[in-house]
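The values are calculated or read from the model by the stated rules, or taken from the named source; none is laboratory data. All values derive from a computational prediction rather than experimental measurement. We place every Cβ from the backbone using ideal geometry, glycine too, and count neighbours over all the protein chains shown.
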Amino acid sequence: MITTMQMYWLVILDNVVGVSIWLAVLSFAFFMFAGVGAAVGELPKWPALVSVCVGLLALVTLTFVPSTKQMAAIIVVPKLANSEKVQTVGNQLYDLAVEWMEELRPKKEKK
């Protein structure tokens, strides 16, 4: 059974990934700006270091947070695969297919 919390994460995960992309891009862009400014002595170096840390955190988030489709598969596929009904129906469907193939198989003529 899918819980309310799981449903929430299924709906919101793509937003988390999208924000992480923007956060990574903006933090690395700011790093470039702050790094150049710090190199010529106009800005302190700590903003560049903070932006790199934020960018790396965003990249780690992008790596390990699944998309909505991936999370749905993570939750639903094991439940379907482990369901007794699905396994029973699968066996019955296989048996029925074998019977149909036997009936449809061309008969060999005896000489």
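Results, tabulated for the structure shown:
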quantity	calculated
Sole residue being of a type outside the set (Gly, Ala, Ser), at pLDDT below 80 and in a helix (DSSP H, G or I), chosen from VAL86, VAL98	VAL86
Test result for LEU23, over 26 Å from ILE2 (Cβ atoms), at pLDDT 85 or above and either among the aliphatic types (A, V, I, L, M) or touching a Gly at 6+ places or on another chain (Cβ under 6 Å) (or both)	yes
Residue check, PHE64 surrounded by 12 or more Cβ atoms within 10 Å (Cβ to Cβ) and of a type in the set (Phe, Trp, Tyr)	no
Cβ-Cβ under 7 Å pairs, at least 6 apart or on other chains, the stretch 1-14 side over 18 Å from LEU62 (Cα atoms), far side of a type in the set (A, V, I, L, M)	ILE2/ILE75; GLN6/ILE75
Residue match in the stretch 56-69 (condition: out of contact with any strand residue (DSSP E or B) (no Cβ under 6 Å at 6 or more places or on another chain), of a type in the set (Ser, Thr, Tyr) and not in a helix (DSSP H, G or I))	yes
